[in-house]
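Quick notes on the structure that follows.
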Amino acid sequence: MRTFAADTWHLYLRYMRNTLRLPIWIAVTLVQPVIWLFLYGQLFRRIVELPGFGEVTYIQHLTPGVVIMTAMFGSAWSGMSMIRDLDEGIMDRLLSTTVHRGAIISARVMHASFTVLVQSMIILLMGLALGARIDGGVTGVVAIIILALLLGASFSAISNGIALLARREETLIAVVNFFGLPLVFLSTAFIAADLMPGWIRSVSEFNPVNWAILGSRSAMLGEDWMLVLQYSGLLLAFVLVCSYFATLAFRVYQRAS
């Protein structure tokens with residue numbers, strides 16, 4: 001266990017150094033969330049007047065959704081660095097050392113989680129500047145960030161697993177683009193559940209992205225903390241499943257190498 005923790009930490013520092021050399025990457029990934037908050041927040045601000053919407057302002061409804069969407073999309077591209085390491089032979093060099101095999105995946109998940117942490121805090125500040133309120137206080141902020149981290153860790157593990165199996169950037173890009181937006185629109189990110197078509201509302205109950213959004217929204221409003229714990233538990237289980245998938249993908253890669 002000590003070797004696993006130490007190797008994870010050292011590999012995590014390697015990925016962090018790469019990020020700090022190009023910090024513009026975090027800023028670039030915030031461009032789309034800024035567009036969602038500013039443009040969508042203004043374009044659909046009167047939608048809250050529809051019966052059954054529930055929120056006082058649309059920015060209040062939208063902010064937790066944007067936090068979670070950013071966590072999902074940012075982490076879903078985590079496998080791109082894995083593919084670069086495969087192409088450049090870095091992975092083969094790592095496997096020729098005594099580094100703990102589990103640390104190779106866990107360090108990447110930790111790195112993706114750090115990016116999610118920074119982005120979530122920035123988006124929450126933007127939402128506050130635009131008029132959103134976090135009635136849950138500091139506890140609500142912590143809960144939102146934890147939910148975003150859990151979702152981000154899940155999609156980072158999935159992304160790295162796909163990268164190990166496909167070993168091609170084109171395949172990973174196709175998978176992320178194919179599943180990314182449908183998962184967002186099959187959630188309550190933009191619209192209240194009561195205003196969704198029945199079949200979408202039913203599907204959204206099994207959507208991990210929606211679990212994180214609903215939990216974050218409850219934490220932001222400071223309501224129904226048991227619901228926050230329930231969705232946190234579901235996301236934790238999802239993290240374990242995704243981590244197991246990444247582990248199996250790594251074993252497949254090792255056997256094929």
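The values are calculated or read from the model by the stated rules, or taken from the named source; none is laboratory data. What you see is a predicted model, and the numbers here were worked out from it, not measured in a lab. Using ideal geometry, Cβ is built from the backbone for each residue, glycine included, and neighbour counts are taken over all protein chains shown.
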message: Just the residues that are part of a helix (DSSP H, G or I), over 13 Å from ILE144 (Cα atoms) and touching a Ser or Thr at 6+ places or on another chain (Cβ under 6 Å), please, taken from the range 61-78.
response: GLY74, SER75, ALA76
- line: How many residues of the range 206-224 are assigned to a helix (DSSP H, G or I) and either more than 19 Å from VAL67 (Cα to Cα) or among the charged types (D, E, K, R) (or both)? The answer is 1
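Here's the yes/no breakdown for (1) out of contact with any Ser or Thr (no Cβ under 6 Å at 6 or more places or on another chain); (2) without any contact (Cβ under 8 Å) to a residue 40 or more places away in the chain; (3) closer than 20 Å to ILE68 by Cβ:
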| residue | (1), (2), (3) |
| --- | --- |
| PHE155 | no, no, yes |
| ALA163 | yes, no, no |
| LEU172 | yes, no, no |
| LEU181 | yes, yes, yes |
| LEU186 | no, yes, yes |
| ASP194 | yes, no, yes |
| SER204 | no, yes, yes |
- request: Considering each residue of the range 51-60, count those that are in a helix (DSSP H, G or I) and under 19 Å from MET196 (Cβ atoms), and give that number.
  value: 2
- request: Would you be able to tell me the number of residues in the range 168-181 that are closer than 19 Å to LEU86 by Cα and surrounded by fewer than 17 Cβ atoms within 10 Å (Cβ to Cβ)?
  value: 6
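For residues that are buried (at least 18 other Cβ atoms within 10 Å of the Cβ) and touching a Leu at 6+ places or on another chain (Cβ under 7 Å), scanning just the range 102-122, find the one that is nearest to GLN60 (Cα to Cα).
Across the range 102-122, the extreme among qualifying residues is GLN119.
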query: Residue check, PHE114 against (1) closer than 22 Å to LEU214 by Cβ; (2) under 15 Å from the mean Cα position of the chain (by Cα), all met but one. Which one?
result: (1)
- prompt: What do you reckon, is ARG101 out of contact with any helix residue (DSSP H, G or I) (no Cβ under 6 Å at 6 or more places or on another chain) and among the basic types (Lys, Arg)?
  reply: yes
query: Could you list, in sequence order, the residues of the range 243-257 that are among the small types (Gly, Ala, Ser) and modelled with pLDDT of 90 or more?
result: SER243, ALA246, ALA249
